[in-house]
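First comes the structure, then the notes that go with it.
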Amino acid sequence: MTDRPKLSIDIVSDVVCPWCYVGQKRLEAAIAAVPEVDVEIHWRPHQLDATIPPEGKDRKRYMIDKFGSAERVLAMHERITEAGLAEGIKFDFAAIKISPNTLDAHRVLRWAGTAGGAIQNTLKRRLLHLYFEEGVNIGEHSVLIEAARDAGMDASIVETLLPTDADVAEVRTEIETAARMGVTGVPCFLFEGKYAVVGAQDSATLADAIRQIAGAKARGELETAASLS
C-alpha cells in the first residue's frame, strides 16, 4: 500500500481578519476535496494592528477612523457577509463592540500548536467563531482561557502563562519573520514554506495548489524552503 503524499501548509493570519475566517473555511473545503493528500496545518501569527492597546478600542469608532466613514464600513461588511454566507459563516459585525489587540490570542495559538495540529485548528476555529459570529472580545484573558479549554488544552497552564511575558517576543519574531519573507497581506497560505497563495482564494484554487505541490514534493521536485519557525 502506497503512503499518502504529505503536505505542510503554514497559514499566516489574524483572528480579527474576516477574510482569514473565509479563507479558513475554504481551506477546510479544499482539504476535504483532496483526501489523497495528508495535509498538516500550522497557524502563524499576524497582527492587522499591533498598536491597539491591551484593553482594545471601541470597534465602531475604530473602523470609521480606519476606513473613513460609516458608509464605507457598512459596504465592506455587506460584501464580507455575503462571502461568508457562501461558506457557512454568519458574520454579526453589529455584535462586535471591541477591536482587541490580538497578541495574547496568538500566544495561546502558539501554545496550542505544541499540543498538536488538531488542537490548534480547533482553537483557531473557535476564536474566529467567537469574535465574528458572537461578538466576543477575544482580547480578554478569561475568553482565551475558556476557548483553550474547549479546544482540549490544559486551561490551568494557559491561565498561569497569560499574565506573564511568555512567548511575547517569540510571537513578535514570527510576525517579523513572515514580513521579511514578503508576507504583507493575509490570509497567506505557504505551501512547504515556499509557495505562497495570498488572499481568501476559492476552495478549488486551494485544492489545485495542494494537488500540484504535493505531487511535486512526492517527485522530489521542490527546492529547499525557508522556515517560519
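Pairs please, first residue from segment 98-113 and part of a loop (DSSP other than H, G, I, E, B), second anywhere and among the hydroxyl-bearing types (Ser, Thr, Tyr), Cβ atoms under 9 Å, 6+ apart in sequence or on different chains.
Filtered contacts from segment 98-113: Pro100/Tyr131; Asn101/Thr51.
Across segment 114-133, which residue is nearest to Val171 (Cα to Cα) among those that are assigned to a helix (DSSP H, G or I) and among the small types (Gly, Ala, Ser)? Don't jump to the end; show me each part of the working.
To start, the set of residues in segment 114-133 that are assigned to a helix (DSSP H, G or I) comprises 114, 117-133.
This time we only want the ones that are among the small types (Gly, Ala, Ser), so: 117-118.
Working: Gly117: 17, Ala118: 20 Å.
Within segment 114-133, the match that is nearest to Val171 (Cα to Cα) is Gly117.
Pairs please, first residue from segment 116-137 and within 18 Å of Val158 (Cα to Cα), second anywhere and in a helix (DSSP H, G or I) and acidic (Asp, Glu), Cβ atoms under 7 Å, 6+ apart in sequence or on different chains.
Pairs that qualify, where the first residue is within 18 Å of Val158 (Cα to Cα) and the partner is in a helix (DSSP H, G or I) and acidic (Asp, Glu), are Arg126/Asp150.
Quick check on my filter: what residues within segment 156-169 are at negative phi and open to solvent by less than 80 Å² (accessible area, probe 1.4 Å)?
Start the filter on segment 156-169 by keeping residues that are at negative phi, which leaves 156-166, 168-169.
If the condition is that a residue be at negative phi and open to solvent by less than 80 Å² (accessible area, probe 1.4 Å), then Ser156, Val158, Leu161, Leu162, Thr164, Ala166, Val168, Ala169 are the ones that fit.
Pick from Gly152, Gly139: which is closer than 20 Å to Arg110 by Cα, at pLDDT 95 or above, in contact with a Gly (Cβ under 6 Å, 6 or more places away or on another chain) and not aliphatic (A, V, I, L, M)?
Values: Gly152 fails: in contact with a Gly (Cβ under 6 Å, 6 or more places away or on another chain).
None of the other options fit; the residue is Gly139.
Looking at Thr51 and the list (1) free of Cβ contacts under 8 Å to residues at least 12 places away in the same chain; (2) more than 20 Å from the chain's Cα centre (by Cα), which single condition is not satisfied?
Unmet for Thr51, out of (1) free of Cβ contacts under 8 Å to residues at least 12 places away in the same chain; (2) more than 20 Å from the chain's Cα centre (by Cα): (2).
Applying the selection to segment 195-206, what residues are hydrophobic (A, V, I, L, M, F, W, C), over 23 Å from Pro5 (Cβ atoms) and surrounded by fewer than 16 Cβ atoms within 10 Å (Cβ to Cβ)? Walk me through it before giving the result.
So the first thing to find is which residues in segment 195-206 are hydrophobic (A, V, I, L, M, F, W, C), and the list is 196-198, 200, 204, 206.
Still in the running and over 23 Å from Pro5 (Cβ atoms): 198, 200.
Of everything in segment 195-206, nothing turns out to be hydrophobic (A, V, I, L, M, F, W, C), over 23 Å from Pro5 (Cβ atoms) and surrounded by fewer than 16 Cβ atoms within 10 Å (Cβ to Cβ).
Taking Asp49, is it touching a strand residue (DSSP E or B) at 6+ places or on another chain (Cβ under 9 Å) and either over 30 Å from Ala169 (Cβ atoms) or loosely packed, with under 13 Cβ neighbours inside 10 Å (or both)? Lay out the reasoning, then the answer.
Values: touching a strand residue (DSSP E or B) at 6+ places or on another chain (Cβ under 9 Å): yes; either over 30 Å from Ala169 (Cβ atoms) or loosely packed, with under 13 Cβ neighbours inside 10 Å (or both): no.
For Asp49, the condition - touching a strand residue (DSSP E or B) at 6+ places or on another chain (Cβ under 9 Å) and either over 30 Å from Ala169 (Cβ atoms) or loosely packed, with under 13 Cβ neighbours inside 10 Å (or both) - is not met.
So if I check each of Lys90, Lys66, Lys60, which one is more than 16 Å from the chain's Cα centre (by Cα), within 30 Å of Asp154 (Cα to Cα) and among the charged types (D, E, K, R)?
Result: Lys90 is the single residue among Lys90, Lys66, Lys60 that is more than 16 Å from the chain's Cα centre (by Cα), within 30 Å of Asp154 (Cα to Cα) and among the charged types (D, E, K, R).
Just the residues that are surrounded by 22 or more Cβ atoms within 10 Å (Cβ to Cβ), assigned to a strand (DSSP E or B) and either in contact with a helix residue (DSSP H, G or I) (Cβ under 7 Å, 6 or more places away or on another chain) or of a type in the set (Gly, Ala, Ser) (or both), please, taken from segment 3-46.
Within segment 3-46, Leu7, Val12, Ser13, Trp43, Arg44, Pro45 qualify.
Yes or no, residue by residue, for (1) surrounded by 13 or more Cβ atoms within 10 Å (Cβ to Cβ); (2) touching a residue at least 60 places away in the same chain (Cβ under 8 Å); (3) touching a helix residue (DSSP H, G or I) at 6+ places or on another chain (Cβ under 7 Å):
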| site | (1), (2), (3) |
| --- | --- |
| Asp154 | no, no, no |
| Met181 | yes, no, no |
| Val186 | yes, yes, yes |
| Gly193 | yes, yes, no |
| Asp208 | yes, no, no |
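Has segment 62-80 got at least one residue that is touching a helix residue (DSSP H, G or I) at 6+ places or on another chain (Cβ under 8 Å), of a type in the set (Ser, Thr, Tyr), part of a helix (DSSP H, G or I) and surrounded by fewer than 18 Cβ atoms within 10 Å (Cβ to Cβ)?
No, that holds for no residue.
Kindly list the number of the only condition in (1) touching a residue at least 40 places away in the same chain (Cβ under 8 Å); (2) part of a loop (DSSP other than H, G, I, E, B); (3) among the polar types (S, T, N, Q) that fails for Thr164.
Every listed condition holds for Thr164 apart from (1).
Regarding segment 148-169, can at least one residue be identified that is within 23 Å of Trp19 (Cβ to Cβ) and not small (Gly, Ala, Ser)? Spell out how you get there, then give the answer.
Start the filter on segment 148-169 by keeping residues that are within 23 Å of Trp19 (Cβ to Cβ), which leaves 151.
Subsequent filtering for residues that are not small (Gly, Ala, Ser) retains none.
No, because not a single residue in segment 148-169 is within 23 Å of Trp19 (Cβ to Cβ) and not small (Gly, Ala, Ser).
The values are calculated or read from the model by the stated rules, or taken from the named source; none is laboratory data. This structure is a prediction, so every number in the text was calculated from the model and none was measured. FYI the Cβ positions are ideal-geometry reconstructions off the backbone, even for glycines, and counts take in every protein chain you see. What goes into the accessible areas is simple: the full protein's heavy atoms, side chains included, and nothing from ligands, DNA or RNA. Shrake-Rupley method; radii C 1.70, N 1.55, O 1.52, S 1.80 Å.
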